[in-house]
Amino acid sequence: MSGARILLVEDEEINRVLVRTILRRSTEPDLRAAHLLEAANLGEAREYLARDTVDVMLVDVQLPDGSGLALVEEMTAAQPSAERPRIIALTGDVSSSRREEAMAAGCDAFLDKPYTAGELRDLVSKHLSR
């Protein structure tokens, strides 16, 4: 798993810094060694995905140029489940309907903001090991 590729799609710089810091300070060597790609919007995320493969995507549901779930739906429609990255939705909207919407779009997991460092590490590690 060393050298795993993680794509973080998050418009808020502070949240990108938080994820980057959590992964780099992890006690798990595989998380520290992961290559983190960062996209601030859907356009940047699509550019990364057009030229790179990733193992895990962390996708903010609400982005300035659209819904992160639209990107998830594109990914799940274009690739069989076994070939696509594991997708974790991130959102501050903790309603059960938002969670259901994310899972219906094709997300493998859902993480409510604010989350703890341990929650993020455990979820990313779990999905990298698949």
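When we screen A39, A117, A105 for residues that are touching a helix residue (DSSP H, G or I) at 6+ places or on another chain (Cβ under 9 Å), touching a residue at least 24 places away in the same chain (Cβ under 8 Å), crowded, with 19+ Cβ neighbours inside 10 Å and within 19 Å of V19 (Cβ to Cβ), the only hit is A39. Scanning segment 85-102 for residues that are without any contact (Cβ under 8 Å) to a residue 12 or more places away in the chain and under 16 Å from the mean Cα position of the chain (by Cα) yields a total of 1. Residue-level analysis places R16 outside the set of residues that are exposed (fewer than 13 other Cβ atoms within 10 Å of the Cβ) and closer than 21 Å to Y115 by Cα. Which one is farthest from R25 (Cα to Cα), of the residues in segment 110-120 that are charged (D, E, K, R) and not in a loop (DSSP other than H, G, I, E, B)? Per the stated criteria, the residue is D112.
Bear in mind that the values in this text are calculations on the coordinates, not laboratory data. Treat the numbers as computed from the prediction; the structure is a model and nothing was measured. Methodologically, a virtual Cβ is constructed for each residue, glycine included, from the backbone with ideal geometry; neighbour enumeration extends over all protein chains shown.
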